[in-house]
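Scroll down for the structure; my scribbles are underneath it.
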Amino acid sequence: LKVGLCTVSGLSDPDMAPKAMKSAKAKAKPMKVMKAPKAKAVATRAMKSAKSVKVSPELLQKPIRVGFLIGKDTDLVEDAKYVGDASFLADLPDKYRVDPVSKEYVKNCDPGTTGFAHADVAIPWYIHKHFSEDVTVDMIFPEEINTKRLKSNLVNYVLGYDVINSIFEGAKRVKAVTKAFIDSGNVMPGYSFQDFIYIKSKYMEACMKAGIPMAPTIFCKKGKRSPAGLLREIQARGWRTFVMKQSMMAFSLGFCKLRVEDCLNDPSILKTYFEEHADCPEYVVQEAIEGFTRNWETRCFWFNGEFLYAIANKAAVSTEDGQEVIVTGDDIPAEFLENAKKIGAEALKILPQLTTPTGQPIGHVLIRTDIGCADSQVYDNNTNWDPSVKTFFLNEIEYGGTTYFIRHLKEDWVPKWAGLYVDKTKEICNQMSA
């Protein structure tokens, strides 16, 4: 058994920015994770930034100048599945479209290359076309991110590229993007909130403390971990199979499912994983939940703390034709949807308060809660889930740069997302003007 860069047998969210794709592909295994900024230093700088933000009076005038950080290549809107009217994209400059083959923006491809628009571009372009009296849209390519550009807007929403994407471009790039996010003080959500999601133990421990069901979990933090120590703890918990995930990582990179018996027989399995991913700030190790792949994983979308819609997927390994299945709307079994909404609503309560760039509290922008389902024996000594019934649990929390799945929905959500971001911008402007 070799440890490599495995992918989960479920729906992946490979929201890699088009500009970053080539550099990521060029890196040979193992994929190294760049060092994350120290949490305390990040939090202190972020708080100081919020308190010290000085806003030009011009930015508080209509039309309000708003930035949208773009960089998706897996969230198509210009697609046959999209149920809305895509005519508003007819005059979208081609430079914002992505070539489906190279995953590069058309502006970086050979002349004549055909590309397609994704959600992170379609939403702000719809705003540009329909809300120009209220908002001036500034779509920011990944390579254009810097403090000066961000500060030229009242607020900047993360719809695509963020610090996780920058990891694939090297330590210098991570430092530059992180600095721009913190120093500008007007990225939404702010960097301290992003860090709460990036370092999974932060939100996961808060959820556990709040009594939100989660898979049995061990956190292996850099400087306090060893292969032998982890295996001893896993054995003490009674696990038979387990999965390895990583904080400050995405696209299922670094994910592996392993058997305790194999790791006992061959210590090099975990040793190799630890060596290959030595720079990762934190491994999230969980008992493998058998029912996770054969049941629906339900992803709920929230804005201002209110439920918007959900999508559910069933892994390809569990379907008759070997193809992943995605369902939305009333096709999601009621039991799965209602439990996902219930758990997701509780998870929202543990999130840090979102604020305007000058510190006034506001409702959250996009949050996505992913809910799994167990229906068989869980061996963890500290967990008492009844294997004869379904147990729903929180798998992950994601924020604005996640996949919107607009093309899979039964109704057109581009205008609705546009309206939500315009209304949020007005809310922020009014709070900062008061």
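The values are calculated or read from the model by the stated rules, or taken from the named source; none is laboratory data. None of these values were measured; they are calculated from a predicted model. Positions of Cβ are generated from backbone atoms using ideal geometry, with glycine treated the same way; all protein chains shown enter the neighbour counts. Areas reflect the complete protein model, heavy atoms only, side chains present, ligands, DNA and RNA absent. Shrake-Rupley method; radii C 1.70, N 1.55, O 1.52, S 1.80 Å.
Quickly work out the Gln360-to-Lys179 label distance, labels modelled 7 Å from Cα along the C-beta direction, and quote it in nm with one decimal.
It is 3.2 nm.
Can you run phi through the Karplus equation (6.51, -1.76, 1.60; θ = phi - 60°) for the stretch 57-72 and list ³J(HN,Hα) in whole Hz, with x for Gly and Pro?
x, 5, 6, 8, 9, 7, x, 6, 7, 10, x, 10, 7, 9, x, 9
Using only Cα atoms and rounding to the nearest 10 degrees, what angle (0 to 90) does helix 334-348 make with the longest principal axis of the chain?
70
Taking 0.36 nm per residue of separation and subtracting the Cα-Cα distance, what length does fully extending Ala345 through Val325 add?
4.7 nm
Counting only heavy atoms of the protein chains, get the accessible area per residue of the chain (1.4 Å probe) and round it to a whole Å² value.
43
Can you tell me the length gained on complete extension of the stretch Asp279 to Gln431, counting 0.36 nm per residue apart and subtracting the Cα distance?
Value of the extension gain: 50.6 nm.
Relative to the longest principal axis of the C-alpha atoms of the chain, give the angle of the C-alpha long axis of helix 39-52, reported between 0 and 90° and rounded to the nearest 10°.
20
Based on the Cβ-Cβ distance from Glu290 to Ala80, what FRET efficiency comes out when R0 is 41 Å, to the nearest 0.05?
FRET efficiency, Glu290 to Ala80: 0.70.
On a C-alpha basis, how far is the centre of the stretch 385-423 from the centre of the stretch 237-273 in Å? Whole number, if you could?
The stretch 385-423 and the stretch 237-273 have Cα centres separated by 28 Å.
Looking at this model, which pairs from Lys62/Lys202; Lys179/Lys222; Lys172/Lys245; Lys148/Lys410; Lys271/Lys349; Lys62/Lys349 are more than 29 angstrom apart at the alpha-carbon?
Beyond 29 Å: Lys62/Lys202; Lys148/Lys410; Lys271/Lys349; Lys62/Lys349.
Helix 227-237: angle to the longest alpha-carbon principal axis of the chain, degrees 0 to 90, nearest 10?
The helix 227-237 is inclined about 70 degrees to the chain.
Of the heavy-atom accessible surface of the chain (probe 1.4 angstrom), what whole percent is carbon and sulfur?
The C+S portion of the solvent-accessible surface of the chain is 51 percent.
Taking K and R as +1 and D and E as -1, what net charge do the other residues with C-beta under 12 Å from the C-beta of Val55 add up to?
+2
Quick check: pseudo-label points 7 Å beyond the Cα along Cα→Cβ at Asp423 and Val101, how many nm apart are they?
4.3
Quick one: if the Förster radius is 35 Å, what FRET efficiency do His130 and Lys257 give, using the C-beta to C-beta distance and rounding to 0.05?
0.15
For the stretch 371-421, just say rounded, prolate or oblate: build the C-alpha gyration tensor, square-root its eigenvalues into a ≥ b ≥ c, call rounded for a/c under 1.5, and beyond that prolate if a/b exceeds b/c, oblate if not.
Prolate, because a/c is 1.5 or more and a/b exceeds b/c.
Loop-only trypsin sites (Lys or Arg not before Pro) in the stretch 175-242, please: DSSP not H, G, I, E or B, and at most 11 other Cβ atoms within 10 Å.
Taking the stretch 175-242 and a limit of 11 other Cβ atoms within 10 Å, the loop trypsin sites (Lys or Arg not before Pro) found are Lys224.
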